[in-house]
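Below you'll find the structure, written out as structure tokens, and then a few comments.
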Amino acid sequence: SSLPSSLANVVVAVNGARAPLLFVSPHQVNAQIPWALTPGPVAVTIFVEGEPGNTVLVNVADFAPGIFLVAHEQDFEPVTATRPAIAGQALLIYATGLGPASGAAGNWQTWTVPTVTVGDQPAEVESSQLVRGAAGLYQVRIRVPGGVDPGTAVPLVLTIGGATAKISVAVGEASSVY
């Protein structure tokens, strides 16, 4: 990782090893859990100016998906009630926790391809990869399936390695123009 292991005099140790840091503020520390950990409980300690804080046990899993954003592929704008998804359209799901990926030239595909449903209809997953330059952020490209009942809070469910993440999206009539 090209991320620093110390930032603003803060170090995060995971099972005794320094974790890459993304962000540090007085009330929040964002660190990347190292890839090579065995699933299960790990000890996490935050050090500030060399002094250890409390050590907490955190459960690490191979897959722990979380969805941050669903956007229109054509312009990266979020899917909203005023700009809903429609059948056949490509969407981008931005998520974390999709597990290992490999590849070359910044095109790192996930080893496991997630399944995605929109309104209980299976969506075609066209790609699942890490986002270049954004530690731990994945982009999953899907096609909105036909047969989804329109609505402003349609469930979109991403499943990978037996773990799921769910978010609500707006889906419009197939004839919607935006």
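The values are calculated or read from the model by the stated rules, or taken from the named source; none is laboratory data. Only a predicted model underlies this, so the values are computations on that prediction, with no experimental measurement involved. Here Cβ is always computed from backbone atoms with ideal geometry, including for glycine, and neighbour counts include all displayed protein chains. Areas reflect the complete protein model, heavy atoms only, side chains present, ligands, DNA and RNA absent. Shrake-Rupley method; radii C 1.70, N 1.55, O 1.52, S 1.80 Å.
Figures for the structure shown
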| quantity | calculated |
| --- | --- |
| Charged-residue dipole, Cβ positions (Lys, Arg, Asp, Glu), the stretch 1-134 about Cα centre, Debye nearest 20 | 280 debye |
| Contact order relative to length of the stretch 117-164, as percent, for alpha carbon pairs under 8 angstrom and 6 or more apart | 43 percent |
| Relative contact order [Cα under 8 Å, 6+ residues apart], the chain, whole percent | 18 percent |
| GNM result for the chain, Cα springs below 10 Å: residue of Val118, Val29, Val144 fluctuating most strongly | Val29 |
| Residue-by-residue Karplus 3J(HN,Hα) for the stretch 52-68, coefficients 6.51, -1.76, 1.60, Hz, glycine and proline x | x, x, 5, 9, 10, 8, 10, 7, 9, 10, 4, 9, 8, x, x, 9, 9 |
| Projected label distance in nm at Ala90 and Glu124, using a 7 Å step from Cα toward the beta-carbon | 1.1 nm |
| Note, ³J(HN,Hα) from phi for the stretch 138-151, Karplus 6.51, -1.76, 1.60, rounded to Hz, x at Gly and Pro | 10, 10, 10, 9, 10, 10, 5, x, x, x, 8, 5, x, x |
| Extended-chain gain in nm, criterion 0.36 nm per residue less alpha-carbon gap, Ala104 and Asn9 | 30.8 nm |
| Gaussian network model of the chain, Cα within-10 Å springs - most flexible of Val157, Val125, Val42 | Val42 |
| Fraction of accessible area attributable to carbon and sulfur, the chain (%, probe 1.4 Å) | 55 percent |
| Label-point gap, in nm, between Asp149 and Trp111 - each point 7 angstrom along Cα→Cβ | 4.0 nm |
| For the stretch 33-44, 3J(HN,Hα) per residue [Karplus equation, 6.51 cos²θ - 1.76 cosθ + 1.60, θ = phi - 60°, Hz, x = Gly/Pro] | 5, x, 5, 7, 6, 7, x, x, x, 10, 8, 10 |
| Convex hull per residue volume in Å³, alpha carbons only, for the stretch 78-155 | 98 Å³ |
| Fluctuation leader among Leu69, Leu130, Leu98 - the chain, Gaussian network, Cα springs under 10 angstrom | Leu69 |
